[in-house]
Amino acid sequence: QRAVAGSARGRTVPAGDSGLAPWVPVVGLEIHAQISSNSKLFSGSQVQFAAPPNSLVSFFDASLPGTLPVLNRRCVEAAVMTGLALNCSINKKSLFDRKHYFYADLPAGYQITQQRVPIAVNGSLSYSLCIDNKMSQMVTKTVRIKQIQLEQDSGKSLHDDTRSQTLVDLNRAGVGLMEVVMEPDMCCGEEAAAAVRELQLILQTLGSSQAVMAEGQLRVDANVSVHHPGEPYGVRTEVKNINSIRFLAKAIDYEIERQIEELENGGTILNETRAFDSKLGCTVPMRDKEGKQDYRFMPEPNLPPLILYDAKSLPANMNHQQVINIDWIHERLPDLPSVKREKLVEQYGILPEHSFTLLNEDGLAEFFENVVKQTQMKPKKVIGWILQDLLSYLKQHSLTVKESPVSPILLADLLNLLEKEEISSTAAKQVLAELWKGEGKTPLEIVKEQKLQLLEDQKELEQICQAVIDRQENE
Amino acid sequence: QKVSVEVLEHLEHLALVDFRDAEGVERLQKAIQFADQLHEVNTDGVEPMDSVLEDRCLYLREDDVTEGNCTKELLENAKEKVEEYFVAPPGNIPLPKLGERETFLQGS
């Protein structure tokens, strides 16, 4: 019998029949978010997904001699916004460094990053989890943000094993990244997934990154280790190549289990990098990592320190295009997801878990609010139609809210009929099914067509009942 | 002070240089000795300067697309290409160990 791992809600993993001490899994995350900008971090090449190879590459990106980095203002603003949203201290003076290693998709032989003094430090991110898969019991957790740094993305390598060569596309080389480092405050795949999901929502709300994992705009590496309570942290492994939030949870839980099994069998954990194989559902050692890397960090000699200002320190006679004011950015931050949820709960009297679902689907909160505006039905009742009926239809047909054949006004019209008791709720569901076909009919038209109106006329009802009884007698 | 074989191999691996023979290693050792003279300066309580640009203003560029679209020009430099991709070996090719290299054995 092996120890039960990963899915345990608490911080410890109880041991099985072996009678060994419980295990405490420890999970930290390094997240790279591609900055949403028109051009790259240090050059004027365009940032775009899926363009012809090497078409979005300047001489600087290709590391041709005689070229110099020029910092993109928008990327700095994106990093400041993100730092503020994550409750960080923004360093008014931050520095750029070179991190050296050789790889075909890194033409310069080094990456410009911020190793010594990054742009933001010491923040926190709050996220929520359901206990025991019941949406009604949610618990809030916090993970500390160690730092956020600006750095360059590398190009892309396509491995052609048949011809024993690598094809290199530098379109992505030099795109701005924000690396968000989360302290090892998480204990399992579910916590990590929830934290990353919340970060994703925050980034999308700020607009600093579109954070679409499928397009590589959000990449997550997990650092995983286990130890016994009261003992020092165990050796950690780094897990890479995780392409979705679902796989993130799986990869972490697998790695926790693997480490526990290894240690309980008397083995040791190597401080190595492992890749997640989504087909097999397991982590495997990555072959190309040759021992411990020495990146020979050095200050980037071509870039002076990055100085940011606030209302107090604003210089008088400087071109304002050259000045970034942290306070100005702070004042203009949009409502973060947590604030939006609170407002939804307060304004409409819906449950907290409802607000989570509303924000979890792109456009669903707006849809809900539009329906509420146009119907007499109370928001507390409307929410059921949105979260159960509408959302399940969308999921069944793999549609986004924007692609919904039923618009807010159509749904509002339908709910009005129901509210005015012109139809029953069973009939309403029937009408919704018909509306879903998107044939352009209004709810009222469908009701008339299918004769779904609730009858009030006593005589008419008597006639129908009598007809039914008569039919029965004839059989 | 001699530079050990392990350090030499480590440096060659990191920087992809080839110290080639005993003369090359001697030159390296002399270079290190020369730089070590810096230790003679008392820097107690002095904040290190890591850039002569430390008082300069870091120029911020507007987020406009002004470069790129020069695939043909860039690929002119490529020894090998496949459909507008640069071609590289499948992975980093490690240098053979120092002891195995002919050039090194010649000079020692």
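The values are calculated or read from the model by the stated rules, or taken from the named source; none is laboratory data. Keep in mind that what you see is a predicted model, and the values were worked out from it rather than measured. Using ideal geometry, Cβ is built from the backbone for each residue, glycine included, and neighbour counts are taken over all protein chains shown. Side chains included, ligands, DNA and RNA excluded: accessible areas come from the protein's heavy atoms. Shrake-Rupley method; radii C 1.70, N 1.55, O 1.52, S 1.80 Å.
Summary of values
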quantity: Farthest positive-ward along the protein assembly as shown dipole, Cα basis, beta-carbon charges - from A:VAL284, A:GLN450, A:HIS320; calculated: A:HIS320
quantity: Rg(Cα) / (2.2 N^0.38 Å) computed for the stretch A:297-415, rounded to two decimals; calculated: 1.64
quantity: Mean shadow area of the stretch A:24-299, taken as a quarter of the surface of its Cα convex hull (nm²); calculated: 16.5
quantity: Nearest-ten-degree value, helix A:408-419 long axis tilted from longest Cα axis of chain A; calculated: 40
quantity: Peptides A:427-439, A:306-318 ordered by average Cβ neighbours within 10 Å, highest first; calculated: A:427-439, A:306-318
quantity: Pair A:GLU421, A:THR268: separation of 7 Å Cα→Cβ label points (nm); calculated: 7.8
quantity: Selected from B:VAL65, B:HIS39, B:VAL3, residue furthest toward positive end of dipole (the stretch B:1-82; charges at beta carbon); calculated: B:VAL3
quantity: Helix-only CD estimate at 222 nm, as mean residue ellipticity for chain A, using -39500 (n - 2.57) per DSSP H run (n ≥ 4); calculated: -9500 deg cm²/dmol
quantity: Prolate/oblate/rounded call for the stretch A:85-203, Cα gyration tensor, a/c under 1.5 rounded; calculated: oblate
quantity: Peptides ranked, highest mean first, by Cβ atoms within 10 Å: ranges A:41-47, A:325-331, A:112-118; calculated: A:41-47, A:112-118, A:325-331
quantity: A:GLN321-B:ASP55 FRET efficiency (beta carbon distance; Förster radius 22 Å; 0.05 resolution); calculated: 0.60
quantity: Student exercise, the stretch A:358-458 dipole from Lys, Arg, Asp, Glu Cβ charges, in Debye to nearest 20; calculated: 180
quantity: Span from the the stretch A:210-233 Cα centroid across to the the stretch A:66-121 one, whole angstrom; calculated: 21
quantity: Relative pair counts by distance (%), Cα atoms of the stretch A:57-116, 10 Å bins; calculated: 18, 42, 29, 11, 0
quantity: Size of charge dipole - the protein assembly as shown - debye, nearest 20, with Cβ of Lys, Arg +1 and Asp, Glu -1, no other charges; calculated: 460
quantity: Placed amide H near A:GLN46: partners under 5 Å, 5+ positions off or other chain; calculated: B:GLU67
quantity: Computed label-point distance, nm, for sites A:GLU460 and A:LYS156 using a 7 Å Cα→Cβ extension; calculated: 6.2
quantity: Furthest towards positive pole of dipole, A:VAL224, A:LEU86, A:PHE96, structure part the stretch A:24-299, Cβ charges; calculated: A:PHE96
quantity: Rounded percent of accessible protein surface that carbon and sulfur make up, the stretch B:1-40, 1.4 Å probe; calculated: 58
quantity: Share of pairwise Cα separations in chain A, more than 44 Å, in percent; calculated: 29
quantity: Per-residue average of Cβ from other chains inside 10 Å of A:99-105; calculated: 3
quantity: Rounded to 5, the percent of DSSP beta bridges in the stretch A:220-284 classed as antiparallel; calculated: 70
quantity: Whole-angstrom gap from the stretch A:266-341 to the stretch A:433-475, using each part's C-alpha centre; calculated: 63
quantity: Simple Cβ-charge dipole of the stretch B:1-40, Lys/Arg +1 and Asp/Glu -1, about Cα centre, in debye nearest 20; calculated: 80
quantity: Euclidean distance between Cα centres, the stretch A:35-53 to the stretch A:166-204, Å; calculated: 18
